[in-house]
1. Report whether or not B:V24 is part of a helix (DSSP H, G or I) and within 14 Å of chain A (Cβ to nearest Cβ).
2. Is there a residue being within 10 Å of another protein chain (Cβ to nearest Cβ), among the basic types (K, R) and within 16 Å of B:V117 (Cβ to Cβ) anywhere in region B:204-217?
3. For the list (1) within 13 Å of chain A (Cβ to nearest Cβ); (2) out of contact with any Asp or Glu (no Cβ under 7 Å at 6 or more places or on another chain); (3) of a type outside the set (D, E); (4) part of a strand (DSSP E or B), I need the number of the one condition that B:V119 fails.
4. Which condition number does A:A53 fail, the rest of (1) surrounded by 11 or more Cβ atoms within 10 Å (Cβ to Cβ); (2) over 31 Å from the mean Cα position of the chain (by Cα); (3) farther than 20 Å from B:V174 by Cα being met?
5. Within region B:218-255, take every residue that is within 12 Å of another protein chain (Cβ to nearest Cβ) and among the basic types (K, R) and give me the one that is nearest to the chain's Cα centre (by Cα).
6. Out of all the residues in region B:60-94, which are farther than 20 Å from B:L162 by Cα, surrounded by 18 or more Cβ atoms within 10 Å (Cβ to Cβ) and touching a helix residue (DSSP H, G or I) at 6+ places or on another chain (Cβ under 8 Å)?
7. Need at least 1 residues that are within 13 Å of another protein chain (Cβ to nearest Cβ) and either farther than 30 Å from B:L83 by Cα or touching an Asp or Glu at 6+ places or on another chain (Cβ under 9 Å) (or both) per element, so show me which strands (runs of 3 or more DSSP E) inside region A:48-121 make the cut, counting only ones lying wholly within it.
8. Confirm whether B:F148 is away from every other protein chain (no Cβ under 13 Å), among the aromatic types (F, W, Y) and not in a helix (DSSP H, G or I).
Amino acid sequence: MGEVEEQQQQHQIDLGNLFAFNPHHNFPSVPPSREELVKECLEQGTKLVQAVADALFSLPSVEDRDGPLVKLPAPTIRLPREKPLPKPRPPTKWEVFAKKKGIQNHKKDKLVFDEQTGTWKRRHGYDRVNDDKDIPIIEAKMTDEPGVDPFAKRRSEKKQRVEKQERHRFQNLKEAAKVGALPSHVQLAATAIPITGTQAAPRKVSKEELQNVAGMAASATASGGKFDKKLPGEKPQKHEKKYRKFLPVVEGSGMGSLERQQTDKVLSKLMSKNSHEILNVEKAVNMYNVKREKKRRNQPGKSSSTSSKLKPKNPHNKTSKKGSSFKGKSKKGSSFKGKSK
Amino acid sequence: MLQIRTPKTGRAKREVEKRAPKIVETGKKTLILHGTKTSQVLNTVLTEIYHLKKDNAVKYTRRNDNIRPFESGGETSMEFYSLKTDCSLIVFGSHSKKRPDNLVIARTYDHHIYDLVEVGIENFKSMVSFSYDKKLAPQIGSKPFFAFIGEGFENVEELKHLKEVLLDLFRGEVVTNLNLAGLDRVYVCTAVSSNRVFFTHCGLRLKKSGSVVPRMELVEVGPSMDLVVRRHRLPEDGLKKEAMKIAPELTKKKEKNVSKDAIEGKIGKIYMPDQQVGSVPLPNKAKGVKRERREAKKKGDTKKHEVKKQKLEA
């Protein structure tokens, strides 16, 4: 027994599918010759099949004429279904009503004793009890209207009852179709019988779709349907595209200032987009430092330095000797340069 | 206006009902299709798969130019054929320079492609090339054993998928009663490398072993081939979840407080709430006070009855 248990731990066995799987066997990376491979596979396969058979033959069996019958357990490996689960049919109007009122169904006999003919007859269907055809005479009453054929009346009433029932049946089927629980052999369509139960009935074309199609058909002329005769009740086509708008030529107030507003809008949009770059702090600080150093170098010697890289960039450099007040200005100028970047 | 349409003949009705979704499904049918071009090898492969599954398969022999699995729009024909023949397993063979001896196994759910596996066929050996005792030849429609060998089937995703598809393809109908004398075939699949599976079909010889369990012996009856996994497409999660649903009618509700024993039989436990004797009022009858009146009432009743009887007699 121990061996068997060990084997079962090694193998995965699904008795419902007669399936065994040995996930531990490993083949050498270089495959041996074909015959050896096949031989090894069969050997391993035999072991697995033997493992399944051990479990299978230990199940309780019933002796049958053709051989021992065994009850298989349900498969443990889950495989997908072929078709969706059938949906339960919604209750009919009558069923809902009967439940509400607590009406219970009673079985009725199929055969009923017919007093007119003195025989047993079917309750419903062909040759049934109280068939209209079996009534030869209808007694006249005081309330009868003259000129009405009582036989015809009876027939038409019956016909109406059948029609009513048919209407109810149709209504209930429609409800079932909404949930997708139509009986498999019934279809509510003018097309073919369903091949499977899950196919939906063809959709009704909506009003909007019809209008679209009608509009397309109407506008399929050279003039785009502009000069076509309208049918009674037909509305003019909807204008689908945008209307073009032009700004006034002359500038002024109100509508006249619209162009200015537009350009302003564009500009502010652009500005706001690059607003984070307006002041490049690093560059500004750099420039400021360089200039200060240069000033310091220039002041003691009072001679203009030629090696400064900043010189051609700064137009105020030549006049920097004049005084401190002017220097402040030049500083501002440098920072402005940074801004313009 | 909609119209109620029903099959006009009983036969048509039965046929339609056969195709309707069921709570417990019968076996899946297999459809075998050919692509634009098929090699000689592939033709034999398709024929032999058809032979293996003859009880529950449909084989189409025409070439299909517009079937291209794995491509968008290339599945419409396949889905249509699946609907037409009510098959939910499709084996499609095609041969091209890029993918020689190509076999695509597709499964459908509600007649829409569920998943796809593409394998190349190599080292194919036909049924005819095997020589064995013809008594061992498996019978059509017998329940097969499956033996899967190799860790590839557990670790490699493609092979794991292929394992499931092969099992679904060949397992046939799920049965509850099995005749042990009718066991006569085994499918052996071995994961040789990470993308190659050796697949073979064997007959079964039951030998006496001295115990109840006979000794199994496998006899290769073919076909045997190498399946080289190429492309595969797993089912979408939502679809998979839906397809794996079990009918609530089939799931057993857990039976509480009932245990079964071999010796004692079925045993049920009953839980009784505490009897709170002190706080519960005693029933009316025990009231001693009204005893006289009750007795009087009884007497009166008997008198009345007597009166009635007398009346009847009169």
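1. no
2. no
3. Of (1) within 13 Å of chain A (Cβ to nearest Cβ); (2) out of contact with any Asp or Glu (no Cβ under 7 Å at 6 or more places or on another chain); (3) of a type outside the set (D, E); (4) part of a strand (DSSP E or B), only one is false for B:V119: (1).
4. (3)
5. For region B:218-255, the residue satisfying everything is B:K245.
6. The answer is B:I67, B:D86.
7. In region A:48-121, A:61-63, A:68-71 are the strands (runs of 3 or more DSSP E) which contain 1 or more residues that are within 13 Å of another protein chain (Cβ to nearest Cβ) and either farther than 30 Å from B:L83 by Cα or touching an Asp or Glu at 6+ places or on another chain (Cβ under 9 Å) (or both).
8. no
The values are calculated or read from the model by the stated rules, or taken from the named source; none is laboratory data. The model shown is predicted, which means the values in this text are computed figures rather than measured ones. Glycine also receives a Cβ, built like all others from the backbone with ideal geometry; neighbour counts cover every protein chain displayed.
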